[in-house]
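A.B. asks: One structure is given below, represented as C-alpha cells, and several questions about it will come after.
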Amino acid sequence: ISQRAVKRVAALLPATGNLTIFNVVGACRITDIYGLVEVVLPATTCLIKFTAVPTGLAATDLCANSADLASAAAETVISITGTLATPAVLSPNKTRIAQATALVVHTGIVRVTTTGSPATGTVSWHCLYTPLTPGSYMIAA
C-alpha cells in the first residue's frame, strides 16, 4: 500500500482548546504530520501539541507542547519528531527536519490542542500516511 497525503485548509487556531484536523478510519501509519503558518500569528502566548483520540478511548499526546507560537511568521512549520514526549518543533521558512519515527493511529481523530487564544493568523495542516489495513484512510476534518 502506497503512502498518501492529506491536507486541511488553513484556519484559525482554536481558542485554548482542541481542533480536529484529521479523521482516521482503520489503522494508519503517520510518517509526517505538520502545520504551516499561512498568515502571521498575533503576539498572543500560545503553545500547541498534536493528539490522537481513538474512538471510545482516551487521548494520546503525539508530542509535548511546543515553544510559544506568539508572532510566528508566515511559512513557520509546526512539526513533531515522532517521539511522544518531545515538544512540537517550530521551524522558520518552510525548512525543517522530517519526522524521524512513524506513529500508528486508529479509527478516531487527530487534533491539535492549544493553550492560548490567537484571534488572527491561520495554519494549514498536512499529513503523510500509509494505510495499514484494507479500507483505512485519513481525511481532513
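A.B. asks: Collect the residues in region 43-80 that are of a type in the set (A, V, I, L, M, F, W, C) and under 10 Å from the mean Cα position of the chain (by Cα), keeping them in residue-number order.
C.D. replies: 48, 50, 52, 62, 63, 78, 80
A.B. asks: Further question: Can you name the residue in region 83-121 that is under 13 Å from residue 36 (Cα atoms) and among the basic types (Lys, Arg) and is also least open to solvent (accessible area, probe 1.4 Å) among such residues?
C.D. replies: So the residue we want is 96.
A.B. asks: Here's a follow-up. Which of the residues that make up region 85-105 are of a type outside the set (Val, Ile, Thr), under 10 Å from residue 63 (Cβ atoms) and not in a loop (DSSP other than H, G, I, E, B)?
C.D. replies: 87, 103
A.B. asks: Ok, one more. List every residue pair whose Cβ atoms sit under 6 Å apart, with the two residues 6 or more apart in sequence or on different chains, where the first one lies in region 1-21 and is under 17 Å from residue 72 (Cβ atoms) and the second, anywhere, is part of a loop (DSSP other than H, G, I, E, B) and open to solvent by less than 30 Å² (accessible area, probe 1.4 Å).
C.D. replies: What qualifies is 13/118.
A.B. asks: Taking region 31-48 as the search range and keeping residues that are more than 17 Å from residue 10 (Cα to Cα) and touching a residue at least 40 places away in the same chain (Cβ under 8 Å), which one is most open to solvent (accessible area, probe 1.4 Å)?
C.D. replies: Ranking the candidates gives 45 first.
A.B. asks: Pick from region 122-137 the residues that are open to solvent by 10 Å² or more (accessible area, probe 1.4 Å) and of a type in the set (A, V, I, L, M, F, W, C): which of them is nearest to residue 61 (Cα to Cα)?
C.D. replies: Filtering region 122-137 for residues that are open to solvent by 10 Å² or more (accessible area, probe 1.4 Å) and of a type in the set (A, V, I, L, M, F, W, C), the one nearest to residue 61 (Cα to Cα) comes out as 128.
A.B. asks: Kindly indicate whether any position in region 73-82 is in a strand (DSSP E or B), farther than 26 Å from residue 137 by Cα and in contact (Cβ under 8 Å) with a residue 12 or more places away in the chain.
C.D. replies: So far as region 73-82 goes, no, none of its residues is in a strand (DSSP E or B), farther than 26 Å from residue 137 by Cα and in contact (Cβ under 8 Å) with a residue 12 or more places away in the chain.
A.B. asks: Restricting attention to region 22-32, does a residue exist that is at pLDDT below 95 and within 25 Å of residue 97 (Cα to Cα)?
C.D. replies: Looking for residues that are at pLDDT below 95 and within 25 Å of residue 97 (Cα to Cα), one finds none in region 22-32, hence no.
A.B. asks: Consider only pairs whose beta carbons are under 7 Å apart and that are at least six residues apart or on different chains; among these, list those whose first residue lies in region 86-108 and is without any contact (Cβ under 8 Å) to a residue 24 or more places away in the chain and whose second residue is open to solvent by less than 70 Å² (accessible area, probe 1.4 Å) and part of a strand (DSSP E or B).
C.D. replies: From region 86-108, the pairs are 86/64; 89/79; 91/77; 91/79.
The values are calculated or read from the model by the stated rules, or taken from the named source; none is laboratory data. Treat the numbers as computed from the prediction; the structure is a model and nothing was measured. For neighbour counting, all protein chains shown are included, and Cβ atoms are generated from backbone atoms with ideal geometry for every residue, glycine included. With ligands, DNA and RNA removed, areas are computed over all heavy atoms of the protein, side chains included. Shrake-Rupley method; radii C 1.70, N 1.55, O 1.52, S 1.80 Å.
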